[in-house]
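Can you keep this structure in mind? I'll have questions shortly.
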Amino acid sequence: TALLLTIAGRMAFDTGRLRVDGHLLPQEARAVRKSVALAELSGLNDLEDNLSVEQQIAERLSIGSFGLWVSRRRVSPVLDELNAALGQAHDEAGLPFEPVDGAALVSTLTRLERKLLGVVLALTDDPRIVVVDDADDLRAAEHVQLLWSALAVLLADRDVTLVATVQAASSAPAPTDRIPSERLHHLELDTHRTLLELMLP
C-alpha cells in the first residue's frame, strides 16, 4: 500500500528518486497526482456504504466537475461500463451474471463488484495510471480471475497502465490473448525480509 501511494504521489519518501509518467518525485508530486488515479483504498478514499451505486458514481463525477450537478445521462454510461466488464468476465468463465443495480446500496455489493466500482470511478478521471491495492482480497479464487478479466475489458481501449498489488503471488494474472506477456510485469516483494530488517535494533 505504501508503495502504491508513493507511485501515486501521495506519500513522501526520504531518499532516492522516482519518475512516474515522466514526472519526477517528490518534486513534481502534484503533476503525478493528476496522472495517477486511486481505486478504493481502505481508510483513504473509501466508497460510501450508505449511498446507492448511482449516487456514488454521481458524487465522483461531481467532484471531477468542480461540484456541479451531474445528470443521469452521465451516470448511466459509467454503470453500464461496470456491468459490461463484469458481464463479459462472467461469460468468459461460463458463470451466471446478475447486473449491478444502480439503486442498490454500495454496502450490499460483493467484494468483486465493489473492487471494480472503485476502478471504474478512478477511470472517470481519465488517468494515465490506475492503482489497485490488494486485488486478491476477494472471497474466492475464481473471483480473482473474474477481476483480472473484467479489468482487461475496462482497459482494452484505454491508454492506461494498471499497477496492482496482491497478497499472494499465485493470485497475479497470467498472460492472456488480451494481456500479452510483454505487457505484464510482476515484481515480488520480499515482505518477510523487509519486516525482519525493520525489527533490527
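Quick check: residue separation of Asp159 and Arg30 times 0.36 nm, minus the Cα distance between them. What number comes out in nm? Show your work: numbers first, answer last.
On the way: separation 129, 0.36 × 129 = 46.44 nm, distance 2.07 nm.
Taking 0.36 nm per residue and subtracting the Cα distance, the gain is 44.4 nm.
Another question, if that's okay. How big is the charge dipole of the chain about its Cα centre, in debye rounded to the nearest 20, if each Lys and Arg gets +1 on its Cβ and each Asp and Glu gets -1 on its Cβ? Please report the intermediate quantities before stating the final value.
Working: 19 positive and 30 negative charges, 134 e Å.
Dipole of the chain, to the nearest 20 debye: 640 debye.
Now for a separate question. Rounded to the nearest whole Å², what accessible area per residue is found for the chain with the 1.4 Å probe?
Details: 12140 Å² over 201 residues.
Counting only protein heavy atoms, the per-residue value for the chain is 60 Å².
Please report the spacing between the Cα centers of region 67-141 and region 13-57 in Å, no decimals.
Using only Cα atoms, the two centres lie 18 Å from each other.
Is the shape of region 53-175 best called rounded, prolate or oblate, per the rule: a/c under 1.5 gives rounded, else a/b larger than b/c gives prolate, else oblate, with a ≥ b ≥ c the square roots of the Cα gyration tensor eigenvalues?
Values: a/c = 1.84, a/b = 1.44, b/c = 1.28.
Because a/c hits 1.5 or more and a/b exceeds b/c, region 53-175 counts as prolate.
While we're looking at this one, here's another question. How do the peptides 87-94, 50-57, 15-22 rank, highest first, by the average count of neighbouring beta carbon atoms within 10 Å per residue?
Numbers: 87-94: 15.1, 50-57: 18.6, 15-22: 11.5.
Taking the mean over residues of other Cβ atoms within 10 Å, the ranking is 50-57, 87-94, 15-22.
I would also like to ask the following. What FRET efficiency comes out for the pair Asp21/Leu184, r = Cβ-Cβ distance, R0 = 25 Å, nearest 0.05? All intermediate terms of the calculation are to be shown ahead of the outcome.
Values: r = 19 Å, r/R0 = 0.76.
Once the sixth-power term is evaluated, E becomes 0.85.
Can you list the residues, at least 5 places off or on another chain, whose amide H is less than 5 Å from the amide H of Leu25, using H built in the peptide plane?
Leu18, Arg19, Val20
Applying the Karplus parametrisation 6.51 cos²θ - 1.76 cosθ + 1.60 with θ = phi - 60° to the phi angles of region 41-49, what ³J(HN,Hα) value in whole Hz is obtained for each residue in order, glycine and proline being reported as x?
3J(HN,Hα) across region 41-49, in whole Hz: 10, 4, x, 10, 9, 4, 5, 9, 4.
Which loop GluC sites (Glu not before Pro) in region 108-190, with loop taken from DSSP, have no more than 14 other Cβ atoms within 10 angstrom of their Cβ?
On the way: sites: Glu113, Glu142, Glu182, Glu188; in loops: Glu188.
Filter output for region 108-190: Glu188.
Let me ask something else. Ignoring ligands, DNA and RNA, please state the percent of accessible area on the chain from carbon and sulfur, probe 1.4 Å.
On the way: 6300 of 12140 Å².
In the chain, the share of accessible area belonging to carbon and sulfur is 52 percent.
For the chain, list the DSSP H helices whose alpha carbon atoms reach 20 Å or more along the long axis and whose average Kyte-Doolittle value is 0.5 or above?
Values: long enough: 72-93 (31 Å, -0.61); 141-155 (22 Å, 1.39).
The answer, listed by residue number, is 141-155.
Find, among the chymotrypsin sites (Phe, Trp or Tyr not before Pro) in region 42-148, those assigned to loop by DSSP (not H, G, I, E, B) with at most 11 other beta-carbon atoms within 10 angstrom. Intermediate results must be reported in sequence, preceding the final value.
On the way: sites: Phe66, Trp69, Phe97, Trp148; in loops: Phe66, Trp69, Phe97.
Loop-located and lightly packed - Phe66, Trp69.
Do any trypsin sites (Lys or Arg not before Pro) in region 92-197 lie in a DSSP loop with no more than 13 other beta carbon atoms within 10 Å, and if so, which? Mind dumping the intermediate values first?
Numbers: sites: Arg111, Arg114, Lys115, Arg128, Arg139, Arg158, Arg178, Arg183, Arg193; in loops: Arg128, Arg139, Arg158, Arg178.
Counting only loop positions with at most 13 other Cβ atoms within 10 Å, the trypsin sites (Lys or Arg not before Pro) in region 92-197 are Arg139, Arg158.
Calculated from DSSP H runs of 4 or more alone, at -39500 (n - 2.57) each and per residue, what is the 222 nm mean residue ellipticity of the chain, nearest 500?
Values: 7 runs with 83 residues, N = 201.
Calculated from helices alone, the mean residue ellipticity at 222 nm is -13000 deg cm²/dmol.
Moving to a separate point now. In percent, what relative contact order does the chain have, based on Cα pairs under 8 Å that are 6 or more apart in sequence? If you can, show how the numbers build up before the last one.
Numbers: 241 pairs, mean separation 43.0, N = 201.
Reported as a whole number, the value is 21 percent.
The values are calculated or read from the model by the stated rules, or taken from the named source; none is laboratory data. In this text the structure is predicted, and so the values were computed from the model without any measurement. Neighbour counts run over all protein chains shown; Cβ positions are idealised from the backbone, glycine included. For accessibility, only protein heavy atoms count, side chains too; no ligands or nucleic acids. Shrake-Rupley method; radii C 1.70, N 1.55, O 1.52, S 1.80 Å.
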